[in-house]
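Data block below; observations after.
The values are calculated or read from the model by the stated rules, or taken from the named source; none is laboratory data. Remember, predicted model here, so these are calculated numbers, not experimental data. Backbone-built Cβ (ideal geometry, glycine too); neighbour counts: all protein chains shown.
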Amino acid sequence: MAFLSDTLARVKPSSTIAISNKAREMKASGRDVIALSAGEPDFDTPDTIKRAAIRAIEEGKTKYTAVDGIPELKQAICDKFARENGLSYTPSQITVGTGGKQVLYNALVATLNPGDEVLIPAPYWVSYPDMVLLAGGTPTFVEGNMQTGYKISAEQLEAAITPKTKWFIFNSPSNPSGAAYSRDELKALTDVLLRHPDVWVLSDDMYEHLLFDGREYATPAQVEPALASRTLTVNGVSKAYAMTGWRIGYAGGPETLIKAMAKVQSQSTSNPSSISQYAAVEALTGPQDYIHDSLAVFQRRRDLVVAGLNACPGITCPTPEGAFYVYPSVAGCIGKTSASGVKIVNDEAFASALLEEQGVAVVFGAAFGLSPNFRISYATSDAALTEACRRIRLFCEGLN
Ligand SMILES: Cc1ncc(COP(=O)(O)O)c(C=O)c1O
């Protein structure tokens, strides 16, 4: 009898975590490595939020909580959805989990049966397909490319939906491409979804606040209220408030789905950390200037990285509309040989030779379902980004 499950055999470990670990090991062994692989803000969590957590500890708010969130946090989330997204939820339509990741996973485990398909636009966040597989479903894909700004069209969506499609996962601004759909572009997609009443919408709004050049944010249930009864709107505090380690994500959706997700959570993690939940209340209800200040920094870094990469022979880097990632194409480098003799057969070979030869860790595009590309997370200092771009340029100039 096999010890490990058949399901696990179908799943890959997260490539972004694997590459970040490799970069950490190289650094520990004395190599000079710039890691641009992890998707987390380099800023510290704002002090007001830290203080709320310390208060929670001192006041003894250190016990198990209600499975899917304390009432104060659920109310703060309802208020946030109403204030920022024009969405009207009651606390019974809200769930809180250990990161957006657990919320997404709970939703998939609670709803997928063998044979159910989950439609995912590529390039996609690495975890979506594997979460679907772990939950017993089948991921299917619809591809955006550099020419379409890494977005999919209404026609592509229409053609990709099958009678087995249970969920459509929508992520804007996107990890890894930084693509963000305008309200009109999103409306074209929601019009298609209206014609398919059995398809549910999983909107991953994690990068909502990281939208550049004055663009306005829109989420599916807001753009098309008729979809709200089959939409789960997922968000979290990790990226918006530099709180990746606190592990708080949340979602609003129909009560039957929210209850089913709570059942999954009750038998897995019980509840997210009580202390982090109080910190999240402060994040959502306290001063919001961190969001504005960090956005300005990220936009400046985006411009720095886009210009730096477009100066590298063989690389084409479009300007993303949001998030803190760029997703350049390395089509012009494929087939060449690196200074130390590595044949660049694909984007994985590019990223691996770049790490070995120049000590810059990026994640290859195949991990996100669209090649030949790589992803840089520019949530790091201007100095590190400038040096990384210099090294990438050296690497590209050394290709023959
Ligand atoms: C698109 C997207 N969704 C969800 C998450 C999960 O975030 P967390 O679990 O930290 O809330 C991430 C994190 O990288 C992400 O990039």
Collect the residues in the range 151-186 that are basic (Lys, Arg), more than 16 Å from the ligand (Cβ to nearest atom) and over 18 Å from SER229 (Cβ atoms), keeping them in residue-number order.
LYS164, ARG183
Which of the residues spanning the range 1-33 are within 16 Å of the ligand (Cβ to nearest atom) and either among the aliphatic types (A, V, I, L, M) or exposed (fewer than 11 other Cβ atoms within 10 Å of the Cβ) (or both)?
PRO13, ILE17, ALA18, ILE19
List, please: which pairs have Cβ atoms under 7 Å, are six or more places apart or on different chains, and start with a residue in the range 321-344 that is under 19 Å from GLN147 (Cβ atoms) and end with one that is of a type in the set (Asp, Glu)?
VAL330/ASP347
Note on the range 133-150: residues of a type in the set (A, V, I, L, M) and either within 16 Å of the ligand (Cβ to nearest atom) or surrounded by fewer than 20 Cβ atoms within 10 Å (Cβ to Cβ) (or both) are LEU134, ALA135, VAL142, MET146
Specify the residue that is nearest to the ligand (Cβ to nearest atom); the eligible residues are those in the range 68-108 that are hydroxyl-bearing (Ser, Thr, Tyr) and in contact with a strand residue (DSSP E or B) (Cβ under 7 Å, 6 or more places away or on another chain).
THR95
Restricting the first residue to the range 167-195 and requiring it to be in the same structural domain as VAL306 (by TED's automatic domain parsing), which pairs with a second residue that is among the acidic types (Asp, Glu) and buried (at least 19 other Cβ atoms within 10 Å of the Cβ) meet a Cβ separation below 7 Å and a spacing of at least six or different chains?
none
Take the residues of the range 151-165 that are free of Cβ contacts under 8 Å to residues at least 40 places away in the same chain and of a type in the set (Gly, Ala, Ser): which is surrounded by the fewest Cβ atoms within 10 Å (Cβ to Cβ)?
ALA159
Would you check if there is a residue in the range 186-200 being touching a Lys or Arg at 6+ places or on another chain (Cβ under 8 Å) and crowded, with 19+ Cβ neighbours inside 10 Å?
yes
For the range 109-132, give me each residue that is within 13 Å of the ligand (Cβ to nearest atom) and polar (S, T, N, Q).
SER127
